[in-house]
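Structure, as structure tokens:
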Amino acid sequence: MLGFAAQDDPWLKRLCSRLGCAVAAVDYRLAPETPSPGAAEDGFTAYQWLVREAEALALDNTRIGIAGQSGGGGIAAATVLLVRDRVGSAPLFQSLTSPMLDDRNLTASSHEISDIGIWDRSTNILAWQAILGDRAGTDDVSPYSAPSRAEDLSALPPTFVAVGELDCFRDEDLDYAARLRAHGVPVELHLYPGAYHAFDLFAPESQLAATFQQSWFSYLARQFQDTSTP
């Protein structure tokens, strides 16, 4: 419900320079004007366009990953589910940083993290109400809106998950990573002690942010370089 694609240009340019890759930042439609799964549909449309236009853009359409952070991480995960279910294949990888995955707000961390001024329980409930309206927390929620609702996580691509210990998304992210692994998906999981939501953006010069960035860049580089990945 917040933000726009161009706001990430500075660090996406650094990412491109460091990895020698191209990045397409999807300006997906926001809630509540566009209810879910509109944003994931936008992600799916963008992915399909990249695959189709890759040759004209001098890109390899077999080496496209999908990534997102926070709300965008949830949309990235939902987009990957759409690609699997509609196309019958998967992107090269998915990278999910502090992803927003579960509208039910039942986990311990969703109750623990409140009134801290970053992204807490009350903010999260408000956001899900904007995204889903009256459907939030009910049985009428699709995995393409809240990926934690997906029962089948098989045939998904290798996945990177990172989250802070003091993030209200902590437990839903850890659970998603564990369930991916249980379905045979290769997972690299990072839990950062003492880190709050979006710590790498609010404190980019901190040692913890540097540690995260190094781990993330290393993961992305390995995925792009691993020619054995389907």
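Among the hydrophobic types (A, V, I, L, M, F, W, C), surrounded by fewer than 14 Cβ atoms within 10 Å (Cβ to Cβ) and closer than 28 Å to LEU174 by Cβ, is that true of LEU15?
No.
Mind checking which residues of the stretch 45-64 are open to solvent by 30 Å² or more (accessible area, probe 1.4 Å) and in contact (Cβ under 8 Å) with a residue 40 or more places away in the chain?
Within the stretch 45-64, ARG63 is the sole residue that qualifies.
In the stretch 18-44, what residues are among the charged types (D, E, K, R) and open to solvent by less than 60 Å² (accessible area, probe 1.4 Å)?
Correct list: GLU41, ASP42.
Filter the stretch 144-160 for residues that are out of contact with any Leu (no Cβ under 7 Å at 6 or more places or on another chain) and assigned to a helix (DSSP H, G or I) and give the result.
Across the stretch 144-160, the qualifying residue is only ARG149.
Please find, within the stretch 91-125, the residue that is nearest to PHE224 (Cα to Cα) out of those that are open to solvent by 40 Å² or more (accessible area, probe 1.4 Å), of a type in the set (A, V, I, L, M) and at pLDDT below 95.
Filtering the stretch 91-125 for residues that are open to solvent by 40 Å² or more (accessible area, probe 1.4 Å), of a type in the set (A, V, I, L, M) and at pLDDT below 95, the one nearest to PHE224 (Cα to Cα) comes out as ILE118.
Just give me the residues in the stretch 216-230 being surrounded by 15 or more Cβ atoms within 10 Å (Cβ to Cβ), at pLDDT 95 or above and not hydrophobic (A, V, I, L, M, F, W, C), in sequence order.
Once the filter is applied, which keeps residues that are surrounded by 15 or more Cβ atoms within 10 Å (Cβ to Cβ), at pLDDT 95 or above and not hydrophobic (A, V, I, L, M, F, W, C), the stretch 216-230 yields TYR219, GLN223.
In the list ALA182, ALA209, ALA162, which residue meets the criterion of being within 16 Å of the chain's Cα centre (by Cα) and either surrounded by 14 or more Cβ atoms within 10 Å (Cβ to Cβ) or closer than 28 Å to VAL83 by Cα (or both)? Talk me through it step by step, then tell me what you get.
Values: ALA182 fails: within 16 Å of the chain's Cα centre (by Cα); ALA209 fails: within 16 Å of the chain's Cα centre (by Cα).
The conditions single out ALA162.
The values are calculated or read from the model by the stated rules, or taken from the named source; none is laboratory data. In this text the structure is predicted, and so the values were computed from the model without any measurement. Positions of Cβ are backbone-derived with ideal geometry, glycine not excepted, and every protein chain shown enters the neighbour counts. Note: accessible area is taken over every heavy atom of the protein model, side chains too, but ligands, DNA and RNA are not part of it. Shrake-Rupley method; radii C 1.70, N 1.55, O 1.52, S 1.80 Å.
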